[in-house]
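Here's the structure we're looking at; comments come further down.
The values are calculated or read from the model by the stated rules, or taken from the named source; none is laboratory data. Computed from a predicted structure; not experimentally measured. Quick reminder, even Gly has a Cβ in these numbers, built from the backbone with ideal geometry, and neighbours come from all protein chains shown. Side chains included, ligands, DNA and RNA excluded: accessible areas come from the protein's heavy atoms. Shrake-Rupley method; radii C 1.70, N 1.55, O 1.52, S 1.80 Å.
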Amino acid sequence: MNQHGGAAPQSTAPVSVPDADAGVAPQSGLRRSLENRHIVMIALGGIIGAGLFVGSGAVINRTGPAAVLSYALSGVLMILVIRAIGEMAVARPSSGSVANFSRDGLGNWAGFSVGWLYWYFWVVVAAIEAVAGAGILSNYLPGVPAWLLCLGLVLVLTAINLLSVKAYGEAEFWFASIKVIAIIFFICVTGLFLLGLVGKPESPGLTNLFSHGGMFPYGVVAALVGSVTVLFSMGGAEIATIAAAESKKPVEYAAKATKQVMARVFVFYVLSILLIVAAVPWDTPFTGESIRSPFAVVLEHIGIPGMSVVMEAIVLTAVLSSLNSCLYITSRMLFALAEKGDAPKSLVKINSRGVPVRAILAGTSMGYAAVVANYFFPEQVFIFLINSSGAIQLIYYIILVGAEIRLRRRLEATDPGALRMKMWCFPYLSWFSIAWMVVVLGLMAVIEETRSQLLLSLIAFGVILLAYRARAARGTQPAIGPNTGA
């Protein structure tokens with residue numbers, strides 16, 4: 001390994017895949033103890049969160065029944081991105097995969113940039129989820145300060161991650177299972193209601209899709225704008241490619257998780273939204289003085305009592321699931337960066353259980369920062385955290401798909417056998433995905449409410465590129481230029 005993160009020489013020899021049955025990953029020392037059920041649920045847990053259970057209500061109120069189109073458009077884009085990342089994950093399974101894919105495809109600048117962008121994005125998400133979880137718990141524990149609840153959540157889930165990767169996988173399996181069961185229950189009950197088989201009120205059939213202003217009450221543009229907002233709630237499925245490196249069969253499990261997630265994006269998101277806008281009028285107030293889960297609103301309308309409390313518990317589970325994954329992702333990303341010399345080498349150290357303790361503790365830093373901020377600025381911290389992460393996800397997705405194009409061409413020439421799962425219609429759909437995401441960034445610049453998010457994200461990206469140049473200037477690592485990933 002180049003201690004200064006320099007570009008490794010490109011070999012024409014076939015890429016070797018680590019022994020899938022080995023108990024310990026030979027290069028990193030991380031233990032391979034995750035089962036296929038863990039990887040699949042980690043992937044599903046990555047795309048099912050409070051953004052679907054709660055945030056979907058705001059999208060529906062702003063776009064009407066056309067929210068189905070917003071979710072479908074974003075779903076198609078995410079499926080293309082997941083497929084591209086999955087192709088690389090199957091060909092080159094590794095911990096901290098997204099940073100390593102970018103480095104392999106485009107060079108050191110891309111690995112450095114995606115690694116730190118990815119870390120920054122998910123530590124911000126961790127802070128958001130900790131604050132959101134504390135907000136839910138404060139409804140039941142009014143005498144406990146929100147900052148203390150926030151601290152408690154971070155400490156508990158940090159402890160789970162410190163136990164072992166299997167402890168993380170097991171916790172995420174059950175967290176994600178609850179979310180999946182809840183959505184399946186919702187789909188079944190609401191579907192039966194629309195068919196007139198269950199429920200107290202008379203079934204509206206599909207009339208709500210065309211009443212109250214029609215399918216596009218705010219126009220087609222509103223649906224396109226809504227897809228920008230929706231896109232950020234769908235990210236996270238690539239977590240499975242990171243976790244797959246710590247599984248017993250990284251290549252096989254990464255491929256399975258990728259394929260299953262692609263299908264379930266439409267089932268869990270698009271079908272759920274379609275059922276919501278069909279079951280109740282789209283202008284039902286989901287936001288206002290209090291935010292109501294559209295899932296709970298629909299089930300209460302059907303006549304199932306107590307759903308507000310049940311859905312709040314499910315949303316809390318979704319928050320804990322996301323926080324659990326955030327702590328895992330940030331630690332593995334720091335670990336991968338440290339392996340390449342782009343983060344302090346001390347973070348590579350693991351304990352006897354194969355757990356990168358120092359990387360996990362460093363990865364929780366923003367969680368504790370959120371605790372402090374929540375204590376001094378309880379109202380402003382949540383909005384700032386959301387705005388500061390803004391378009392970062394799109395930026396690193398663009399780099400990742402670009403890396404997939406370069407890496408795919410190289411593997412076709414040097415090791416075609418590694419391409420066990422391929423991107424469809426290569427390279428056209430890969431370039432189409434990049435163009436689509438660039439258009440979304442352009443829309444964010446035009447839309448007033450997302451302009452500040454784009455600006456803050458571009459500033460963060462600029463700072464990371466400057467840090468890379470400074471890093472390259474101090475060591476032997478070449479700066480951005482030809483053959484280094486420009």
Considering the options Gly462, Val298, Gly199, tell which one lies farthest towards the positive end of the dipole of the chain, charges being +1 on Lys and Arg and -1 on Asp and Glu at the Cβ, about the Cα centre. Gly462
Per the helix-only calculation at 222 nm, which mean residue ellipticity applies to the chain, given -39500 (n - 2.57) for every DSSP H run of n ≥ 4 and division by its residues, nearest 500 deg cm²/dmol? -22000 deg cm²/dmol
Among Lys166/Lys340; Lys179/Lys249; Lys256/Lys349; Lys166/Lys249; Lys166/Lys248, the pairs whose Cα-Cα distance exceeds 20 Å are Lys166/Lys340; Lys179/Lys249; Lys256/Lys349
For the chain, with all protein chains present and a 1.4 Å probe, just round the carbon and sulfur fraction of the accessible area to a whole percent. 67 percent
Heavy-atom accessible area per residue - the chain, 1.4 Å, Å²: 39 Å²
Report the gain in length on full extension from Leu155 to Ser365: 0.36 nm times residue separation, minus Cα-Cα distance, nm rounded to one decimal. 74.5 nm
Rel. contact order, % - alpha carbon contacts under 8 angstrom, at least six apart, the range 36-469: 35 percent
Under a crude label model (7 Å from the Cα following the beta-carbon direction), how far is Ile184 from Met215 in nanometres? 3.1 nm
Can you give the relative contact order of the range 160-277 as a percent, counting alpha carbon pairs under 8 Å and 6+ residues apart? 24 percent
May I ask you to compute the full-extension gain from Ile447 to Val357, defined as 0.36 nm times their residue separation minus their alpha-carbon distance, rounded to one decimal in nm? 28.2 nm
Separation of alpha-carbon centers, the range 205-225 and the range 239-290, rounded to whole Å: 23 Å
Diffusion constant of the range 36-469 at 20 °C, which comes from Stokes-Einstein with the Kirkwood Cα-pair radius and 1.002 mPa s, µm²/s: 97 µm²/s
To the nearest 0.05, the calculated FRET efficiency linking Thr207 and Ser346 through their beta-carbon distance, R0 being 60 Å, is 0.45
Would you work out the Kirkwood radius for the range 42-88? I mean one over the mean of 1/r across all pairs of different Cα atoms, in Å. 11.9 Å
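Using the Kirkwood radius over Cα pairs, work out the Stokes-Einstein diffusion coefficient for the range 202-271 at 20 °C and 1.002 mPa s, in µm²/s as a whole number. Don't skip to the end; give the middle numbers.
On the way: Rh = 15.2 Å.
D, rounded to a whole number, is 141 µm²/s.
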